[in-house]
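One structure is given here, and the rest of the page talks about it.
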Amino acid sequence: YPQLFRENVYSYSEMMSFSKGKHNIKAGVDFRRNLENSEFNVARPSYYFLDQIFFAADSPYGQVAGVDPGFATNRPAQLDSNIRYWRNLEMGAFVQDDWKARPNLTLSFGLRYDLFGRHKEKGGKVTTFIPGPGGITPANVGFLEWISNANLPAAQCAALPGPDGILGTPDDTVDQFKLTHVVMAGVCGPGGFSIAKTIGGADHNNFGPRVGFAWDPWSNGKTSVRGGFGVSYEGTLYNPLSNSRWNPPFYSFNLTFNALGGGPDQVVYGPTTCAGSPLVCSPSGATPTYTGASTNPGAGTAGQAQATGNINGYASSNSNTAFLTGIVYPEGIRDPYIFNYYFGVQREVLPKMTVEVNYVGTQGHKLFRAEQANRGPGIRLAAGTTVTAQGRTLTGLGRRYLNPNYGNLRVWENVSKSWYNALQVSVRRQMSHGLMFTVNYAWSHSMDTGSGWHSGAVTANGSAAGDGYSLDQTRPYLDRGNSTFDIRHRLVASYVWELPWFKDQKGFVGHVLGGWQYNGIWSFQSGAHWTPYCARGNACDFNYDGTRNDRPDAPNGILTATRAMWANGFFPTSSFGCAWTSSGVCSGGQPSFFRTPCTACNGSLGRNVFVGPGQFNTDQSLFKNVKITERFTAQFRFEMFNAFNHANFKLPSSSTGANYANRITQRNFGQSAGTLGPRNIQFGIKILW
C-alpha cells in the first residue's frame, strides 16, 4: 500500500566567539521547526485470489488493509484517513570557555541546553493510552494492573462517569494534558485509548555540562595528555512516535473475506471515525460486529456487537488481534542522555610517527525501546492456578493477554541503559620516504539492556535476530547482557608504499619501472554476540506471559563453535545430541543441550552470551602512475577485495528461508546463514590533473 513522507525542516542558528586575555568564549543558539506530512494509507490493499482464473476475473476472496468493508457486506463504510501532519519545535543553546590557564595547559568548560518539543498533529489526531486504576501489589499482576484494568465491558460504561461526573469530557483533575476519554466499540474507561494534544510531554531539564583539558607535560610539543567529560541529549526518535498513527480510535487495520473463499462473509476491523458526546468511535458510526473464533477469550459472541471484543478485531488469520500500536503514556517519555568520558596520551616516538593510547567510555541512560505491555508472567496458566516460581507467586488468568479487550499493545519506553568501555591503541606514520601506515587496535566491551529501539530489529551482521521485546517486563534486569554489536577485539592495519625506484619516470625504463604504489588493508575481529531463543508456539512460552521469545535453561554452559559447526550446525547428527526438545531428550537418547525451565520460570541462559564467528579480511591493490604531461597523470589500478578468498561466516539466521538456525527448536541450530562476500578483483583507470 502507498507510503509517502514529505518532510520540511526550517532552521536558524547563530554563533559568536570572542577572545579576551586567556579566554576564548563561544556561544550559540539554534532553532528547528519540523513539518512532516506523511501518508501511510490503506487506499491500495493487498488482495487474495484463489487461482489465476479468479485473478483474471478480478474476483478476490479477501483483502488486507482495505478502505471499504463493503467488499464483503455490500454496505460501504469509509475508514478514517491515515494521513498525518506532524509538527514540532526544537531549540538549543550553548556557551563554552577555552581557558589557557598556563602555556602548556588548556581547560575547557561548557554548558548546553536542549528542548525537544513533542509532536502535535495538525488535525488533532493524537492518541495516548491511559492506564486503568491499580497499583503496586505483591501479586504477579503488580503494576500491570494499570493495563489489565483499562476499559470495561459496555454494560458497565453508564455506571462509570469521569471524575468530573461527565463521561467523555476533559477532566483536569486526572488528565494532566486535558485528555478526552473515548468510548470505543463497546468498551469504556477508566483508562484505554484517548485523545491527546501532544505525543506525551516534553523534557525541560536537558542541561548538559562539559569539561575537558589538554596538557603538554614537557612543553616541547611531543607529548599531549587529554581528557574530558560531557553529557549529551538526544531528541526523540520520530519513527516510533509517528507509529501512534496506528492507535485507535483514528485508525483501523481492516481484514475482509467474502463467500468466494468458501466461508461466510466477514469483516474484521476496529473503530475509526468518532462523533457524538460522549465521543463514540466506530466505522461510519456503527459498532463493529465480532466475527472471530469463539475461542478468543473475552471476545463475545459471533455476529453480535463487539462489546468486550478486541479493539482491533480478531480472525483466525489475524490471531495477534492487533496490527500495530505506537503508544506513549500520558506522562510522556524522557529524552535519552549519554555520559561521555575520555582520557588519552599521545606521544611522538620518532619523527613523523606517533603512538596514542586512549581510554573511552560511555553510559547511556533512558534509551528507547519497544515493549509489549499487554502481558505478564504466569497469566497463561489455567485460571486460578497458583505457582511459586523464582521467588514470586504467580496466579494464572487462563488467557494470552492481560487485558482481553486488546491484542498486542506496543508501548514506546525509554528505560534501557548501556555501558561501553574501550582501550584504543594506535600507531601512525605520516608519509615519509614513500611509506605511510596506520595500525589501530581496540579492546572493548559493550553492554546494555536492549540494543535496538524497534520491536523486530535485526542487528549484528544482518542475520541474527534483534532484541525485540524484553524477556520479562516485570524484571528488566534479566536482559542486561552483551550488546548485539559488541565486538571484543578488532585490529586494523593499513599502508601505502610508493616504490622508491625511478620516481622521476625518465625515459622508457623509468616509465615502465617507476610510479608503482602498493596498498593494503588488513582487518581481524572477534565475533558478534547472539542469543539462542525458543519460538515454537506455547511450548516456548516458558514464563507463561503470552510472548513466545523466551530463552531456555543452559545447564551445559556455552558452546564454543568451530568452523565446521558454523558450516553444518552445532548438532549435525543425532549422535551429537540436539539443542532442545520439550521432553529434554534427543532422538538418540541423549539429553538435550538446553533444558526447559520450571513452570512459569525465566530461563537461566543470559542474553547475547554466545559469540559468533570471527572475521579476517584483507584488501590489496597495486597502482601504476604514468605521467602524461606536467599536469596530467594516468593511474592504472589493480584491486582485490578479500584477496585470500577467506570464508567469513555470518551469524545463525533468524529469517533466511526455513532455517531459523538461531532457534533451539531447529535441527540445524547454530548453522551460519552463509558467508560474506568472496574475493572480488577489479581493474580501473583514473586520470588525475
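With Cβ to Cβ distances under 9 Å as the rule, what net charge do the other residues near residue 326 carry (K, R +1; D, E -1)?
Result for the local shell: +2.
Take the Cα gyration tensor of segment 324-409, multiply each eigenvalue by 5, square-root it, and list the three semi-axes largest first, rounded to whole angstrom. Write out the running numbers ahead of the final one.
Values: eigenvalues 531, 71, 23 Å².
Working through the eigenvalues yields semi-axes of 52, 19, 11 Å.
In terms of modelled amide H atoms, which long-range or inter-chain residues lie less than 5 Å from the amide H of residue 206?
114
With the crude spin-label approximation of a point 7 Å out along Cα→Cβ, what separation in nm comes out for residue 97 versus residue 444?
Result: 3.4 nm between the two label points.
Once phi is turned into ³J(HN,Hα) by the Karplus curve 6.51 cos²θ - 1.76 cosθ + 1.60 with θ = phi - 60°, what whole-Hz value does each residue of segment 477-494 show in order, with x for glycine and proline?
5, 5, 9, 5, x, 5, 5, 5, 9, 6, 10, 5, 10, 8, 10, 9, 10, 9
Nearest 0.05, what FRET efficiency do residue 29 and residue 216 give at R0 = 30 Å with Cβ-Cβ as r?
The value I calculate is 0.35.
In what sequence do 444, 672 fall when counting other Cβ within 10 Å, fewest first?
444, 672
Treat the count of other C-beta atoms within 10 Å as a stand-in for reagent exposure and order 571, 18 from fewest to most.
18, 571
How large are Rg and Dmax for segment 337-688 when only the alpha carbon atoms are used, in Å?
Here Rg and the maximum Cα pair distance are 26.8, 96 Å.
Can you give the relative contact order of segment 337-688 as a percent, counting alpha carbon pairs under 8 Å and 6+ residues apart? It would help to have the intermediate numbers written out before the result.
Working: 946 pairs, mean separation 51.2, N = 352.
Here the relative contact order equals 15 percent.
Would you mind getting me the FRET efficiency between residue 37 and residue 502? Use the beta-carbon distance for r and R0 = 60 Å, nearest 0.05.
With a Förster radius of 60 Å, E is 0.45.
Give the order of 688, 435, 381, 605 when sorted by the count of other beta carbons within 10 angstrom, beginning with the fewest.
Lowest count first: 688, 435, 381, 605.
Simple spin-label model, 7 Å along Cα-to-Cβ: residue 517 to residue 226 in nm?
2.7
Treat each spin label as a single point 7 Å out from the Cα along the C-beta direction, and report the residue 13 to residue 630 distance in nm.
4.3
If you average over every viewing direction, what projected area does the convex hull of the Cα atoms of segment 355-503 give, in nm²?
Numbers: hull surface 53.3 nm².
If you wrap the Cα atoms of segment 355-503 in a convex hull and average its projections, you get 13.3 nm².
Residue 346 to residue 568: FRET efficiency via 1/(1 + (r/R0)^6), r the Cβ-Cβ distance, R0 60 Å, to the nearest 0.05?
0.80
List the lysines whose alpha-carbon lies under 22 Å from that of residue 125, not counting same-chain residues fewer than 8 positions away?
178, 197
Packing-wise, with mean Cβ within 10 Å as the measure, how do 448-454, 488-494, 331-337 rank, highest first?
448-454, 331-337, 488-494
Here, each number is a calculation from the coordinates, and none is a lab measurement. On a predicted model such as this, the values are computed, not experimentally measured, just so you know. When we count neighbours, we look across all protein chains shown, and the Cβ atoms used for this are built from the backbone with ideal geometry, even at glycine.
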